[in-house]
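Participant: Below are the structure tokens for one structure; questions will follow.
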Amino acid sequence: MSQSTIATHVIPAAVITHTVATIRGQQLADLSVYHARTPDVRIALTRGGVLMQIWSCQAAQGLLEAFSAARAAMARVPREIPAPAIPFDEPFARTTLAVEWTRRPTYAVVPQSGPSKTGGNILNWVDLYTGPLTWRIRDHAGPHSTIQLLLKAHKTAIAVFLS
């Protein structure tokens, strides 16, 4: 009598293939480094409900390049849109997203426009496609502060990654 092994399922129960994250207003983030100057080094950038793990210097540089390229398409985007107030006693109401950047993302910048929900005005924004994640840039303040954060992450990556 022969015995066979039971098949194990390595495919997860669910996979997110695409999501949209909105960028508007001043962006503040926490930048942390784990296992600097080792093969297991990673940078964690936590901004609001988004956690980005950066696993290579090329990934940090690619994200910085993508957001820098988006600035050229923002002529019709408003200067600043205030973020909606979310009560601190309701943290479950915030969107949570975790992204693992293992290599340089490809990107595309597409200016967009459409009617507002009330139908009275035309809204302008920029969609920055970075693979499975689309960044919907709604004002100038958001990407400006995001670029400053990504500059810090890139400088940090140069110092802590081995290659």
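The values are calculated or read from the model by the stated rules, or taken from the named source; none is laboratory data. Just so it is clear, the model here is predicted, and its values are computed rather than measured. Backbone-built Cβ (ideal geometry, glycine too); neighbour counts: all protein chains shown.
Participant: Taking segment 14-24 as the search range and keeping residues that are outside any strand (DSSP E or B), within 21 Å of L128 (Cα to Cα) and of a type outside the set (S, T, N, Q), which one is modelled with the lowest pLDDT?
Facilitator: This residue is I16.
Participant: Scan segment 25-62 for residues that are closer than 21 Å to L128 by Cα and either among the charged types (D, E, K, R) or in contact with a His (Cβ under 8 Å, 6 or more places away or on another chain) (or both) and report the count.
Facilitator: 4
Participant: Among A141, A153, A157, which is crowded, with 17+ Cβ neighbours inside 10 Å, closer than 13 Å to V77 by Cα, touching a residue at least 24 places away in the same chain (Cβ under 8 Å) and small (G, A, S)?
Facilitator: Answer to the check: A141.
Participant: Something else about it: Collect the residues in segment 108-138 that are in a loop (DSSP other than H, G, I, E, B) and either surrounded by 18 or more Cβ atoms within 10 Å (Cβ to Cβ) or free of Cβ contacts under 8 Å to residues at least 12 places away in the same chain (or both), keeping them in residue-number order.
Facilitator: The answer is S116, K117, T118, G119, G120, N121, R138.
Participant: For segment 25-47, which residues satisfy the criterion of being at pLDDT below 90 and crowded, with 16+ Cβ neighbours inside 10 Å?
Facilitator: Selection gives G25, Q27, R47.
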